[in-house]
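A.B. asks: Mind having a look at this structure? Questions to follow.
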Amino acid sequence: MDDFTPQQVARGRALRQAQVPWLLAGRLAALALSLLLGLTPAGAGLVTAAGGLFGGSRTAEVLAGAAALVLLGQLLGLPFGARVRVVRARYGLVTQGWGGWAVDALRGLGLTLLLGLPLAAGLYALTGWSVQGWWLPAAGAAALLTVALSFLHPLLFEPLFNRFTPMPDGLLRDALLALAARDGIPVGQVLVADASRRTTALNAYVSGLGATRRIVAYDTLLEAAEPREVELVVAHELGHVKHRDVLTGTALGAVGAAAAVCLLGLLLSWQPLLSAAGATDAADPRSLPLLAACAALIGAVSGPAQCAVSRRIETRADRHALELTADPDQFIAMQRRLAVTNVSDVDPPRLLELLFATHPSAVRRIAAARAWQHA
């Protein structure tokens, strides 16, 4: 804690105390809505009513019911998201107007529908093919889709929310490419994301697989940080590539998606659950809300374990950055800058960290850097 002034510590803690209740309330409200619709006949009624607006066929019920569930979830999340935005704006972290925020929300909704409706149609085509064995091909399809989305994300989805421009030729670009070359990692491009349209937060990342791999730096990072600090941030991100975290994460995500589908297949074969949801079997479109509720519950239960794995991966990437640059002092300076500019709670309550944090706290990262330095 000696690395931060009392004012900096208090400011990060105040932001955490102001926004976390709204973030948690949003998550709980979304889960409660999913369970209400999935474990009572209310969800079945929603699917039937939505499908009736488009002719009442089985296909209409699947597509309209899935769209209705997505829209309800998005509408429920809006006030919580808006409140978090107000809090973050109060701390100078938001630069985007409400109009831009609304456009982003509509983009996110459109993307969810674009992906979700074909998935729902395909899934219920499989349940219609076999009420008992649908989950087996669905599990394989879920694994393949996870891999495909990982590869396509930087090419198709990232440009929907940010504009990317090549980093101009110069010392920093040369240094970043040299850093990647020294690490033995081929990088196709070094890009700058126009994050300042939305936020003052600092970040950089390495995305893509194979030919799509590129280093991406927020324009806010380039404006606020020293060049050497930018190198340290990128060195951390290169650590993820060096240790194949993207490939491993994609593989684990594919396995996890397949396992989740298998579990969903087991749950949707349990008659008491189907009866509570007002559905006859897994092929009945009225089982859609039950399917969504079970998926939401699986996600909530597995969240802390996923966060624990993420923190270990981030710790390893920090160590890689230290080994690659041999510059612990600048690493510590970089952690200070990130924490202060992003108004982070540098030492949050341990329970919150264990349940929700994907990265170690700033205090823990700095302590680990000092331990590496002394070793």
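A.B. asks: Give, as ranges by residue number, the residues of the stretch 95-126 whose backbone N falls under 12 Å from the point 7 Å along Cα→Cβ of GLU223.
C.D. replies: 95-96
A.B. asks: Cα axis of helix 98-129 to longest principal axis of the chain: angle in degrees, 0 to 90, nearest 10?
C.D. replies: 50
A.B. asks: What is the set of long-range amide H partners of ASP327 at a cut-off below 5 Å, with H atoms built 1.01 Å from backbone N?
C.D. replies: Long-range HN contacts for ASP327: none found.
A.B. asks: Another question about this same structure. Rounded to whole Å, give me the distance from the Cα center of the stretch 19-72 to that of the stretch 258-333.
C.D. replies: Distance between centres, Cα-based: 20 Å.
A.B. asks: So between LEU263 and LEU297, what do we pick up on full extension, going 0.36 nm a residue minus the alpha carbon distance? Write out the running numbers ahead of the final one.
C.D. replies: Numbers: separation 34, 0.36 × 34 = 12.24 nm, distance 1.15 nm.
Gain on extension, LEU263 to LEU297, equals 11.1 nm.
A.B. asks: Note the angle between two axes, namely the Cα long axis of helix 328-341 and the longest principal axis of the Cα atoms of the chain, as a number of degrees from 0 to 90, rounded to the nearest 10.
C.D. replies: The angle comes out at about 50 degrees.
A.B. asks: Can you tell me the 0 to 90 degree angle between the C-alpha axis of helix 41-52 and the longest principal axis of the chain, rounded to 10?
C.D. replies: 80
A.B. asks: While we're here: Ignoring everything except DSSP H segments at least 4 long, calculate the 222 nm mean residue ellipticity for the chain; use -39,500 (n - 2.57) per segment, divide by total residues, nearest 500.
C.D. replies: Numbers: 15 runs with 268 residues, N = 375.
Roughly -24000 deg cm²/dmol at 222 nm, from the helical runs in the chain.
A.B. asks: A follow-up question, please. Taking the highest mean first, how do the peptides 123-130, 332-339 order by number of other beta carbon atoms within 10 angstrom per residue?
C.D. replies: Details: 123-130: 17.8, 332-339: 21.6.
Answer by packing, highest mean first, reads 332-339, 123-130.
A.B. asks: So if R0 is 51 Å, what FRET efficiency would LEU53 and GLN373 give, r being the distance between their Cβ atoms, rounded to the nearest 0.05? Write down the numbers at each step before the final one.
C.D. replies: On the way: r = 65 Å, r/R0 = 1.27.
After rounding, the FRET efficiency stands at 0.20.
A.B. asks: What residue among GLY92, GLY278, GLY55 shows peak mean-square fluctuation when the chain is described by a Gaussian network model with Cα springs under 10 Å?
C.D. replies: The residue that fluctuates most here is GLY55.
A.B. asks: Mind checking the per residue accessible area of the chain for me, 1.4 Å probe, whole number of Å²?
C.D. replies: Values: 18150 Å² over 375 residues.
Solvent-accessible surface per residue comes out at 48 Å².
A.B. asks: Say each of LEU31 and LEU354 gets a label point 7 Å from the Cα, pointing the same way as Cα to Cβ; how far apart are those two points in nm?
C.D. replies: Taking the simple label geometry, LEU31 and LEU354 are separated by 1.6 nm.
A.B. asks: What does the charge count near GLY278 come to, summing +1 for each Lys or Arg and -1 for each Asp or Glu among other residues with Cβ under 10 Å from its Cβ?
C.D. replies: Details: positive: ARG286; negative: ASP284.
With Lys, Arg at +1 and Asp, Glu at -1, the neighbours total 0.
A.B. asks: Continuing with this model, one more query. Over the chain, what percent of the accessible surface lies on carbon and sulfur atoms, probe 1.4 Å? Present the calculation step by step, with values, prior to reporting the outcome.
C.D. replies: On the way: 12130 of 18150 Å².
So the carbon and sulfur contribution to the accessible surface is 67 percent.
The values are calculated or read from the model by the stated rules, or taken from the named source; none is laboratory data. Just so it is clear, the model here is predicted, and its values are computed rather than measured. With ideal geometry, Cβ positions are generated from the backbone for all residues, glycine too; neighbour counts draw on all protein chains shown. Note: areas computed on protein heavy atoms with side chains; ligands, DNA, RNA excluded. Shrake-Rupley method; radii C 1.70, N 1.55, O 1.52, S 1.80 Å.
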